[in-house]
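J.: This is the structure I have questions about; it appears just below.
The values are calculated or read from the model by the stated rules, or taken from the named source; none is laboratory data. What you are looking at is a predicted structure, and each value in this text was computed from that prediction instead of being measured. Cβ atoms come from the backbone with ideal geometry, glycine included; neighbour counts cover every protein chain shown.
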Amino acid sequence: MSSWDPNQPYQGLPLLPPSSVDLESTTILKRCIGARAALAELKQAAELIPNQAMLISILPKLEAGASSEIENIVTTTDRLFQFERDEEHADPATKEALWYSQALLKGYKSLRQHPLSTRTAEEVCSIIKGVDMSVRRVPGTKLTNKKTGQVVYTPPEEETLLRDLLGNWEKFLHEQKHLDPLVRMAVAHYQFEAIHPFTDGNGRTGRALNSLFLINEKLLTLPILYLSRYLIRERDSYYRLLLEVTRSRDWEEWIIFILAGVEETSIWTKNKIGAVRTLMEQTTEYVRKKAAKIYSYELVNLIFERPYCRIQDLVRADIAERQAASKYLKELVSLGVLKEIQVGREKAFIHLKLMHLLGEESNSFESYST
């Protein structure tokens, strides 16, 4: 292993796969079994939701908020939905989290055109930062301990070297098929963060790439794994274990940490999807029973896709013309399904039960009163 000094650019960052390391030890493989099973159950739960657009609309925003919070960019679930189509009026933290959500969806769509690659990373990071981002060409990037200011890591420098390292990272992801995909994801996530290819946005880009890799490997069909929830709670361990791989090549503890996160997060996300599905069924039945004249499958779908719904949303979806759309939404307010609020110059209709489910740990909600 090349010598490492936290104050010097790590020009000798070892290539993948790591040499003389058992990436599939008995301990790792045992942990893999649980993580793969939980991930498979999450995939199945998502596929049972008839309206896939709803999952695409809501779950990436939860991941966006959490991944941004790891970088101390803090907003709320409520604000993410309130400003999803009104970014210019959002506070900076909400705006950056929304860019992350957009980057995740852009990356997801790009997989149809080309596999996960350096190009994907540049596209994702550019959207996250709101400016064109490409592999670093200038020196001077150092990572410091936010509390002490001490330099803890200096990533490699020189664009040619960085692109060579990223080329090796790509090959590891796509060619080391004998390794379990979750092991490859954990190893590649460390390597991407160690390469630190951009001047900013590396952590969020790397975490977005995790979700995209699972889709690339067909372990998920949508970018819905809420892994950053786990990483926020275990933030100190996350950064400590990343550094331990650099300092002492402790791959096993790092991989097990990521596998534990995949398993826990898959179970949590599956349960959240189940609760949303139950709420959707109850809402459908309640609206059909109480407001048969305005009920439609498309209307109920829309208020789940858009927890902050506006009159023009119904118009754009061809559910109703403006006057009728207003009437439909106000009828849902009178039934206690939505709440009307003023947002700037327009009115928004909030799906309170859904917002509660998305913003809280609990998967319970109060049933509609009949």
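J.: Residues to consider are V337, V300, V333, V315; find the one that is at pLDDT 95 or above, touching a Lys or Arg at 6+ places or on another chain (Cβ under 6 Å) and among the β-branched types (V, I, T).
T.: Sole residue among the options that is at pLDDT 95 or above, touching a Lys or Arg at 6+ places or on another chain (Cβ under 6 Å) and among the β-branched types (V, I, T): V315.
J.: Of the residues K177, K106, K129, K171, which is crowded, with 19+ Cβ neighbours inside 10 Å, of a type in the set (D, E, K, R) and on the phi < 0 side of the Ramachandran plot?
T.: Just one listed residue meets the conditions, K129.
J.: Could you check L116 against (1) part of a helix (DSSP H, G or I); (2) under 19 Å from the mean Cα position of the chain (by Cα); (3) buried (at least 18 other Cβ atoms within 10 Å of the Cβ) and say which number it fails?
T.: Result: L116 fails condition (1) only.
J.: For the stretch 286-310, what are the residues that are more than 13 Å from L338 (Cα to Cα) and not small (G, A, S)?
T.: Scanning the stretch 286-310 gives R288, K289, K290, K293, I294, Y295, Y297, E298, N301, E305.
J.: Another question, if that's okay. Mind counting the residues in the stretch 193-214 that are over 17 Å from the mean Cα position of the chain (by Cα) and of a type outside the set (D, E)?
T.: Going through the stretch 193-214 one residue at a time, the tally reaches 6.
J.: Among the candidates A292, A325, A348, single out the residue that is surrounded by fewer than 19 Cβ atoms within 10 Å (Cβ to Cβ) and either in contact (Cβ under 8 Å) with a residue 24 or more places away in the chain or farther than 30 Å from S228 by Cβ (or both).
T.: Of the residues listed, the single one that is surrounded by fewer than 19 Cβ atoms within 10 Å (Cβ to Cβ) and either in contact (Cβ under 8 Å) with a residue 24 or more places away in the chain or farther than 30 Å from S228 by Cβ (or both) is A292.
J.: Quick one: in the stretch 235-256, of everything that is assigned to a helix (DSSP H, G or I) and without any contact (Cβ under 8 Å) to a residue 40 or more places away in the chain, which residue is nearest to G34 (Cα to Cα)?
T.: Only one residue tops the list, namely E253.
J.: Turning to a different aspect of this structure: Need pairs with beta-carbon distance below 6 Å; first residue outside the structural domain of L165 (by TED's automatic domain parsing) and surrounded by fewer than 17 Cβ atoms within 10 Å (Cβ to Cβ) and within the stretch 11-23, second in a loop (DSSP other than H, G, I, E, B) and of a type in the set (S, T, Y); sequence gap 6+ or separate chains.
T.: G12/S2
J.: If I ask for residues that are of a type outside the set (S, T, Y) and free of Cβ contacts under 8 Å to residues at least 24 places away in the same chain, which ones from the stretch 295-313 would you list?
T.: Correct list: E298, V300, L302, Q312, D313.
J.: Name the residues in the stretch 215-244 that are more than 17 Å from the chain's Cα centre (by Cα) and either buried (at least 22 other Cβ atoms within 10 Å of the Cβ) or of a type in the set (D, E) (or both), would you?
T.: D236, E244 - these are the residues of the stretch 215-244 that are more than 17 Å from the chain's Cα centre (by Cα) and either buried (at least 22 other Cβ atoms within 10 Å of the Cβ) or of a type in the set (D, E) (or both).
J.: Now, a different point. What number of residues within the stretch 167-208 are assigned to a helix (DSSP H, G or I), under 20 Å from R249 (Cβ atoms) and either polar (S, T, N, Q) or not assigned by TED's automatic domain parsing to the domain that holds R249 (or both)?
T.: Qualifying residue count, the stretch 167-208: 2.
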